[in-house]
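Please treat every number below as a calculation from the coordinates, not as lab data. None of these values were measured; they are calculated from a predicted model. We place every Cβ from the backbone using ideal geometry, glycine too, and count neighbours over all the protein chains shown.
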Amino acid sequence: MTASAAVAAGYTLAAGPVRAEVITTDTTGLDVGTAKIKVADGEMPGYFARPKGVANPPVVIVAMEIFGLHEYIRDVTRRLAKLGAFAIAPDYYFRKGVDLTKITDMTQLIPLVNSKPDSELLTDLDATVAYTKANGGDTGRLGMIGFCRGGRNVWEYAAHSTELKAAVAFYGPPVDAPNPLWPKSPTQLAPEMKAPVLGLYGGADTGIPVAQVEALKAALAAAGKTAEFKIYPGAPHGFHADYRPSYRKEAAEDAWLQMQAWLKKYKVLS
C-alpha cells in the first residue's frame, strides 16, 4: 500500500509506513454507517456496525488510538459486529476541527489529543452509550475495548461507568504523563474500578514498562477488583494494529480470542 493509497483509505501515516497486508472485514450481514451522537455542545461523529436484522444486540464501544477514526478502527468495529455486537467507535477528538488521520507529524498530533479533558471524554462515552440504547442496542450487555490511548480510556471509563459490564484494554498506559486535564491515571483509579477489565500488553513495549503493568495489577488486587492481565513476550506496543509494522500476528490473534472470551464470560457477547 502506497502512502497516498493509505491516506485515501483512511489510514494514518503518523505512526510510520502502512503495511500492505492489512486485515479487511467486509460488510456482508451488517448494517454500517456514520453515527451522529448528541453531546452537550453539538453532535459527535462516530462509526457503527451491527448485525443486520438482529434485535437488541449487545453494545461494544471501540476506543480509538490517538490517530483518529481511521480504517483500522472501523475494521475492528466491523469485526465486533460479525461477533454479534452493535459496535460503535466515537470520534471523541472531533472538536479539534482537524482530521487526525491526515496528520503525519507526531509533534502536531500529540498536543491536540493531550488537550482532551477526561471530564469531556467520560461524558462523550456516556453519550455514546445513550445513542446505542436509543437505537436498539442492549446496554444491559455493555462492553468496551480500546487500543493505546483508547486502552487507557478503557481503564478510565471502567472507573466511571456503572453500566459497563466488562472491558478490554489493549496496551493502555497505566501511568499518565503529567496533565492537569487528566486528574487520575488508571493505576490511581484502581480502587474505583466498577467493571472487570482484561489488560493485554506487550513485553517489549518501550513506552509501557512491564513494571508499570505489574504495579497496576497489584493495585487492583489490593483494592479487591476483578482484573486479569496477559503480557506477550517480545511483542511491541501496537502489536494488534495490523496496518502498522508493529503488528505481531500470533500475539494479535491470541489477544483477539482473549478479548472474545472475556466479553463472553461477563455476558456481553453470546
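See the values below:
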item	result
Relative packing of 30-39, 5-14, which averages over residues the other C-beta atoms within 10 Å, highest first	5-14, 30-39
A35 long-range amide H proximity, modeled H, under 5 Å	G46, Y47, F48
Percentage relative contact order, the chain, counting C-alpha pairs under 8 Å, at least six apart	18
Alpha-carbon Debye profile of segment 25-64, log10 I(q)/I(0) at 0.32, 0.33, 0.35 Å⁻¹	-1.16, -1.17, -1.19
Local electrostatic count, P57, Cβ distance below 9 Å [Lys/Arg +1, Asp/Glu -1]	+1
Equivalent-ellipsoid semi-axes of segment 106-244, from the Cα gyration tensor, Å, largest first	23, 19, 16
Span from the segment 208-229 Cα centroid across to the segment 241-260 one, whole angstrom	22
Where the Cα pairs of segment 26-104 fall when distances are cut into 10 Å bins, in %	20, 49, 26, 5, 0
Dimensionless Rg/Rh of segment 24-164 - Kirkwood Rh, Rg from C-alpha atoms	0.95
